[in-house]
1. Calculate the spin-label point distance for Ala159 paired with Ile310, positioning each point 7 Å from the Cα along the beta-carbon direction, and give it in nanometres.
2. Counting each DSSP H run of 4 or more residues in the chain as -39500 (n - 2.57), what helix-only mean residue ellipticity at 222 nm follows after dividing by all residues, to the nearest 500 deg cm²/dmol?
3. Test of understanding: ordering Trp176, Trp267, Trp273 by Cβ neighbours within 10 Å, fewest first, what list do you get?
4. Could I have the simple spin-label model distance between Gln229 and Val129, label points 7 Å from Cα toward Cβ, reported in nm to one decimal?
5. Neighbouring Cβ atoms within 10 Å as the yardstick, rank Cys263, Cys9 fewest first.
6. Which of rounded, prolate or oblate describes the stretch 174-311 when judged by the alpha-carbon gyration tensor and an a/c cut-off of 1.5?
7. Rank these for me by crowding, Ser222, Ser169, going from fewest to most other beta carbons within 10 Å.
8. Under a GNM of the chain (C-alpha, springs under 10 Å), which listed residue has the highest mean-square fluctuation: Leu92, Leu125, Leu281?
Amino acid sequence: MKPGFKPLCAAIVILAVITIMVNLNVGFISLSLSDFFSDSGHSQIAQIRMNRILVMALAGISIPTSGFLLQEYFQNPLAGPSVLGITSVASLSVAFYIFFFHDFALPEFLQNGFISIAAVTGSVLMMLVLISFSNTFQDKSFLIIFGFLVSALAGAVVALLQLYADNQSLKNYILWSYGANQQVSNYQLIILSVIVFIGLMVSFRTIKPLIGNTLGIQYAQSFGVNLTQLKYLIIISSSLLSASVTAFLGPVLFIGIVVPHFCRMIWNPAQLWHQWILNMLLGIFIMELFSVISELIQLPLNVITSLFGIPVILLMLIKSRR
């Protein structure tokens, strides 16, 4: 028999807090408690680690929530934050900036975060395209096909840009794509927090209509569910949540598929409100754990999430065929 929901959430929170404490103490330099609260010689390193903790928590909240919404809407356990092409267009926007505009003279506050601005701009544009085209596609599965085509086109353009890029620009793009979680400044952290908060507020409004949507289109309409509005809310919330993390961390999106699957294993998948909360809590724990592993073995965050996510997705595919 499965445990109660509150004890389950409490256990995940305890694991997340333990992992956060470990993450604060992982690095080349040992820090004391005073380094986090006073202006000492290691206070800058302490600030970097605090930012790392916070950005991993925000990523753990936003990416699984985005994947959960898409999987419930499309009724496809393999749907993830990249399914609509949002993250691919974000990567393409970053590639254009790095390869063509990186040497432009810009104000300092723009220079420090223009990669993130480029990614967010590309994601927002793609979100607007999806909303404008969504009425054309009567079958919601066409949105997945459209997103796949956009992702393929964006990937081809990025590959072409990499082929003719100079060494430094290529290096900068690769570093961004690896997920540089140590490079998020206080200013960027504030922007990320605001975008994630807006995305979560929009996602909150989708849960009740999603419950009706899982019962079928006719059943949902008989209960007064506005399916067109639900589609718009899903696109907006999933786009904001996935695009914000892609902008500041690079494409670290495999947990958007894996975490919702784990949540369905440990709790009733029909209880969407509980699933929504579980995805955020378990996402924080897993992202903090991946950050610790990344620091210990010195592998990029994107590589860690891929090494973890790919075997799990393969197991999901094998299980679905049985």
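Each reported figure results from applying straightforward, stated rules to the coordinates on display, with no laboratory input. Source: prediction; values computed, not measured. A quick note on method: Cβ atoms are made from the backbone with ideal geometry, for glycine too, and the neighbour counts reach across all protein chains shown.
1. Here the modelled spin labels are 1.6 nm apart.
2. On the way: 13 runs with 239 residues, N = 322.
So the calculated ellipticity at 222 nm is -25000 deg cm²/dmol.
3. Values: Trp176 25, Trp267 19, Trp273 13.
Neighbour counts put them in this order, fewest first: Trp273, Trp267, Trp176.
4. Modelled inter-label distance: 2.9 nm.
5. Working: Cys263 23, Cys9 18.
The order, fewest Cβ neighbours first, is Cys9, Cys263.
6. Note, shape of the stretch 174-311 comes out prolate.
7. On the way: Ser222 11, Ser169 19.
So the residues, fewest neighbours to most, are Ser222, Ser169.
8. Leu125
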